[in-house]
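Taking it in order: structure first as structure tokens, then the write-up.
Nothing in this text is a laboratory measurement; each read-out follows from the coordinates by a stated rule. Values in this document were obtained by computation on a predicted structure and should not be read as measured data. Positions of Cβ are generated from backbone atoms using ideal geometry, with glycine treated the same way; all protein chains shown enter the neighbour counts.
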Ligand SMILES: Cc1cc2nc3c(=O)[nH]c(=O)nc-3n(C[C@H](O)[C@H](O)[C@H](O)COP(=O)(O)O)c2cc1C
């Protein structure tokens, strides 16, 4: 092993964590959200929202890289299409302490298209390979890609293997595939997460064709048991987005024992109690309670008292001066309902 590869052997921990990951979601997977998710699972790999390379490199928006040390293992997702700029953004991300730098090749929003990055990059695999190579050159942290199976009228069976082959040649060892196409015209980003049909089998075929690539599947996976089915069928990882956000306890509480064979099932009430000092500290930094509690609304989804929990937090957290005592009050109501 040459020295660069030796340095990169430290990747194995993040690679292991990637058996289950929580998807990058703009405005949702903020640092506050990730802190909560980390209380529910010690092991799961967490992704940031997408941060654009131009914002970091040209805009100097380094505050976008801030995170809490308890979030590890945590991956920074970058948006961009300029290899030089992405390399510099990756370097800034690695310097900030991220365990992985991920390139977004799956996001179809207009804003992202106009910057010629995101899902539109599925049409230019050579450029993606150049970006990956430049980012790898700049950092020791793992450089990974999140992509779709294709865009518009591309034929996924043809373009996806070519795409994977090219990024693998550039040194990418881990990829997450959102198992549906993106339609670059005519569908909103939200529709693009639901309307193009899912093709899980194609992702499984890619694992057979690229056995040395660590492949995670993404899209429409709603429970831990569905995730386990994909792992049992031979995929290396599963990425969960919306379900983990809306029902974090269902996806994350049993993840450590069931997916990684470590620890025990975590407890949402306990996580809320552990959030209290964090909330206090964040409010001290000038954050608003609602900024934090909006990510906690789904914690008791499907459990007794869930509605009361949501209502107390959503009605109270915007009020001036609202603090951790509101969260304690909401928690007491859940405990009362659970005991009833
Ligand atoms: C609110 C929201 C924001 C998202 N933002 C991003 C993003 O910044 N980068 C990205 O690669 N995907 C983004 N996605 C897509 C998710 O990462 C994921 O690929 C998609 O939701 C499908 O997974 P799911 O069905 O498990 O939710 C976003 C999804 C949602 C719901």
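Compactness of region 268-339 was expressed as the Cα radius of gyration divided by 2.2 N^0.38 Å, which yields 1.02. Extending 7 Å from the Cα toward the beta-carbon at both residue 319 and residue 242 defines two label points whose distance is 3.3 nm. On the basis of the beta-carbon distance and an R0 of 25 Å, residue 137 and residue 169 show a calculated FRET efficiency of 0.95.
Tell me, 175, 139, 84 in order of fewest to most beta-carbon neighbours within 10 Å? Show your work: numbers first, answer last.
Values: 175 25, 139 19, 84 14.
Listed from fewest to most nearby Cβ atoms, that is 84, 139, 175.
Relative to the dominant Cα principal axis of the chain, helix 31-40 is inclined by about 80°.
Take each of the peptides 260-270, 157-167, 141-151, 96-106, average the number of other beta-carbon atoms within 10 Å over its residues, and list them starting from the highest. Working shown, then result.
On the way: 260-270: 14.0, 157-167: 18.1, 141-151: 25.9, 96-106: 24.4.
Ranking the peptides 260-270, 157-167, 141-151, 96-106 by packing returns 141-151, 96-106, 157-167, 260-270.
Take the alpha carbon gyration tensor of region 117-236, find the square roots of its eigenvalues, order them as a ≥ b ≥ c, and report rounded if a/c is under 1.5; if not, report prolate when a/b exceeds b/c, else oblate.
Working: a/c = 1.68, a/b = 1.13, b/c = 1.48.
It is oblate, given that a/c is not under 1.5 and a/b is not larger than b/c.
Values of log10 I(q)/I(0) for the chain across q = 0.08, 0.09, 0.15 Å⁻¹ run -0.37, -0.47, -1.27, by the Debye formula with one identical scatterer at each alpha carbon and no solvent.
What does the C-alpha gyration tensor say about the overall shape of region 28-85? Classify as rounded when a/c is under 1.5, otherwise prolate if a/b is larger than b/c, or oblate. It is prolate, given that a/c is not under 1.5 and a/b is the larger ratio.
What order do you get for 207-219, 277-289 when each peptide is scored by the mean count of other beta carbon atoms within 10 Å, highest first? Write down the numbers at each step before the final one.
Details: 207-219: 17.9, 277-289: 13.7.
Output ranking for 207-219, 277-289: 207-219, 277-289.
Two decimals is fine: what is log10 I(q)/I(0) at q = 0.12 Å⁻¹ for region 79-166, from a Debye sum with one equal scatterer on every Cα and no solvent? Cα-only, vacuum Debye calculation for region 79-166: -0.34.
I want to verify the translational diffusion coefficient of region 195-340 in µm²/s; compute it with Stokes-Einstein, Rh as the Kirkwood radius over Cα pairs, at 25 °C and 0.890 mPa s. It would help to have the intermediate numbers written out before the result.
Working: Rh = 17.3 Å.
Using the Kirkwood radius from Cα pairs, D works out to 142 µm²/s.
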